[in-house]
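K.L.:
Starting off with a structure, shown below.
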Amino acid sequence: MPKMGLLTSVGTPLQWEQAKQFAHEVRTLGINYFLSVYEKLKEKENSCLKWGDEVEYLVVVYDDETKTAKLSLRIHEILDELRKEEEEAMKIPNSGETIKTLWRPEYGIYMLEGTPGTPYGGTLKSLLQIEPNMKLRREIISKFLRPNEVAITLTSFPRLGCPGQFLEPHHEPTGRVSRSLLVPDEVINPHARFQYLTANIRERRGSKVAINVPIFRDKCTPEPFIDPTIPKNRNLFPEDKEASEGAALPNHIYMDAMVFGMGCCCLQITFQACNIEEARRLYDQLAIIGPIMLALTAAAPIWRGYLSDIDCRWNVIAGSVDDRTREERGLEPLKNDRFVINKSRYDSIDCYISTDKTLKPEYNDLDLVYDRDICKKLMDNGIDELLARHISHLFIRDPLVIFKEQLDQNDDDHYDHFENIQSTNWQTMRFKPPPPNSNIGWRVEFRSMEVQITDFENAAFAIFIILLTRVILSYGLNFYIPISKVDENMMIAHKRDAAMSEKFWFRKNVFADGNIIDDGNTTQVNENLSIPDNETLDSSNNFRQNGHADTNESISSVEDEYEQMTINEIFNGNGDKFPGLIVLISRYLESVNIDVETRCQLGKYVDFVSKRAKGKIQTTATWMRNFVQSHPKYNNDSVVSQEINYDLVKMVEKIQKGQVVVPELL
């Protein structure tokens, strides 16, 4: 689940009927804050790269006698102990050097988020700190777990929302906040922000959320599949009838609460750019990579105790926070609402924002929905149209949780109102202005990846993304395709075994003149991962002086610039036509001054990603699916029973501890 933001907020949260009266005011104050930050910091420069990762964990409790694995609701006890360690470390002089990890709560009360204590530095050697830090996080968590508990990195818990017991302690699904037929409110973090976010999404939407994931059809799966475990006859809340009135679709796995999405775990990378222009450029280029990395890290094939026909979490989360009314979804004519909105708050980006010359207007081919009054205000105050449209697109949304006391914060230095909207637009990329009163610069957050079972895998994908940003900037790469094709790629990424069986839209020529870097024609740079202006390759090495790939005027149309490629082709190349991202990263590593040991260790991570793209190593989703289907208690009916789930989670624990060797996965 993505970082929820504003957890420091305290005060009196407003129910939706009250909160919606202040929506316009919060949007106005948020825009005023952004204008203030932009004016003060638009010229801000940061000479070195800083970055960090976020890994989310599930805490599971075993009962070996009954062969059950359930989610532990004891996270607040564990988090209290973890924070005591943080507080003790902060008392030490120069504590920035001693705080190795930071811990934060998440939406699900069974979840923890762990990050490095301080950002990683800007050298290639610093990349080698990430896996040891991830291992340290597991060691620290384990100190505060009971003997029958374990912290695992699974994207989604396979039996969340099943009949019977999936929580420890057990609670019946009768809560007034989510009003779910399937999960109790006790699964939600008790912080007021999470509780009111859940209730206000339901109230704003006018119904519970309705998530439907296609069932995986095995030999003995009923046809049609009508889920017998949904208590459709319950009559506790007015929303109880929704499942029987069409919200629960045939041949699908039905889910009706925010926790099914926001209770998922992921791997996210945030990095500081040198300046706002670099941040905007990386935002665009990485947005195109987002769906491809989603497919390559796919790790969520099981929902509510059933094998599904998808491999990823993204659309489940999109459905879990979809607060759009019937009018906004285009199901009824606009009467009370302002816009028809084609996506959930949680989805892929809708527009590119870079000022780079390689961005053609044709690439922004979606009919962007944005607040024209806000856009005009931004442009009247000196913000260019692309960035103004992006911000005014985010601000078509209402603030979902408003604390009464924050309404008095109406000066330009309070960022809560801006973050109220910004942090609840959960897109594949996030463009992040510098926080107030800080030396932090303009940042970009890469958000699409699913968390992996082992620290090595998570480190490999984090390192790959950071190295890719350096290659994009060093070689002036241009990945642009129409953003509608990025949306298509997001849909493709969810398909079962998409990493091996599907093709994705990708640019044919990411260089200026079609030439590929050769070993003898690269610029020697040092190991600092920041890219100063004077380290860009000149035109004799295929790139412009400003580090931007030149536009190729000989291409007759945008449609000729891209084609469908397999993930293997995108990563490992397709002969003379496209070199592949792995080759470009390898060439970059060969061109920098680093010691042999660092180069070899980085090579192991890059090689792992290459092999995953080739299919020599399975995705987590494929491995999980195969584990279930080969289990002796599996009945070829798509059902993942308590015992199968227990054995699966036990195997995940053994893999992450290195107690078993699984060559198809590692």
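The values are calculated or read from the model by the stated rules, or taken from the named source; none is laboratory data. Since this is a predicted model, take the numbers as computed values, not measurements. Neighbour counts are summed over all protein chains in view; Cβ atoms, including those assigned to glycine, are modelled from backbone coordinates with ideal geometry. Note: accessible area is taken over every heavy atom of the protein model, side chains too, but ligands, DNA and RNA are not part of it. Shrake-Rupley method; radii C 1.70, N 1.55, O 1.52, S 1.80 Å.
K.L.:
Give all pairs with beta carbons closer than 9 Å in which a residue from the range 373-386 that is of a type in the set (Asp, Glu) meets a residue that is open to solvent by 50 Å² or more (accessible area, probe 1.4 Å); count only pairs at least 6 apart in sequence or on separate chains.
P.N.:
Final answer for the pair search is 384/355; 385/379.
K.L.:
Restricting to the range 171-220, count the residues that are more than 20 Å from residue 156 (Cα to Cα) and open to solvent by 10 Å² or more (accessible area, probe 1.4 Å).
P.N.:
22
K.L.:
If a residue has to be over 15 Å from residue 288 (Cα atoms), part of a helix (DSSP H, G or I), open to solvent by 10 Å² or more (accessible area, probe 1.4 Å) and touching a helix residue (DSSP H, G or I) at 6+ places or on another chain (Cβ under 8 Å) to count, how many in the range 492-514 make the cut?
P.N.:
1
K.L.:
Is the range 153-170 home to any residue that is touching a residue at least 40 places away in the same chain (Cβ under 8 Å), part of a helix (DSSP H, G or I) and under 25 Å from the mean Cα position of the chain (by Cα)?
P.N.:
Within the range 153-170 (the criterion being touching a residue at least 40 places away in the same chain (Cβ under 8 Å), part of a helix (DSSP H, G or I) and under 25 Å from the mean Cα position of the chain (by Cα)), the answer is no, since none of the residues qualifies.
K.L.:
Could you tell me how many of the residues in the range 456-491 are open to solvent by 10 Å² or more (accessible area, probe 1.4 Å) and among the acidic types (Asp, Glu)?
P.N.:
The number of residues fulfilling the criteria is 2.
K.L.:
Sticking with this one: So, in the range 31-73, exactly how many residues are open to solvent by 10 Å² or more (accessible area, probe 1.4 Å), within 27 Å of the chain's Cα centre (by Cα), of a type in the set (D, E, K, R) and at pLDDT 95 or above?
P.N.:
Count: 2.
K.L.:
Regarding residue 376, is this residue in a helix (DSSP H, G or I), of a type in the set (Lys, Arg) and either within 30 Å of residue 452 (Cβ to Cβ) or at pLDDT 95 or above (or both)?
P.N.:
Against the criterion (in a helix (DSSP H, G or I), of a type in the set (Lys, Arg) and either within 30 Å of residue 452 (Cβ to Cβ) or at pLDDT 95 or above (or both)), residue 376 qualifies.
K.L.:
Here's a follow-up. When the residues of the range 416-446 are filtered to those that are touching a Pro at 6+ places or on another chain (Cβ under 7 Å) and under 13 Å from residue 401 (Cα atoms), which remaining residue is surrounded by the fewest Cβ atoms within 10 Å (Cβ to Cβ)?
P.N.:
Across the range 416-446, the extreme among qualifying residues is 421.
K.L.:
Of all residues in the range 124-152, which are of a type in the set (S, T, N, Q) and either touching a residue at least 40 places away in the same chain (Cβ under 8 Å) or more than 21 Å from residue 654 (Cβ to Cβ) (or both)?
P.N.:
Correct list: 126, 129, 133, 148.
K.L.:
If you don't mind, there's one more thing I want to ask. Filter the range 327-383 down to residues that are under 24 Å from residue 478 (Cβ atoms) and among the hydroxyl-bearing types (Ser, Thr, Tyr) and give me whichever is most open to solvent (accessible area, probe 1.4 Å).
P.N.:
Selected residue: 355.
K.L.:
Select from the range 578-607 the residues that are among the aromatic types (Phe, Trp, Tyr) and open to solvent by less than 10 Å² (accessible area, probe 1.4 Å) and write down the one among them that is farthest from residue 566 (Cα to Cα).
P.N.:
Taking the candidates together, the pick is 588.
K.L.:
Would you say residue 616 is open to solvent by 60 Å² or more (accessible area, probe 1.4 Å), farther than 23 Å from residue 281 by Cβ, part of a loop (DSSP other than H, G, I, E, B) and at pLDDT 95 or above?
P.N.:
yes
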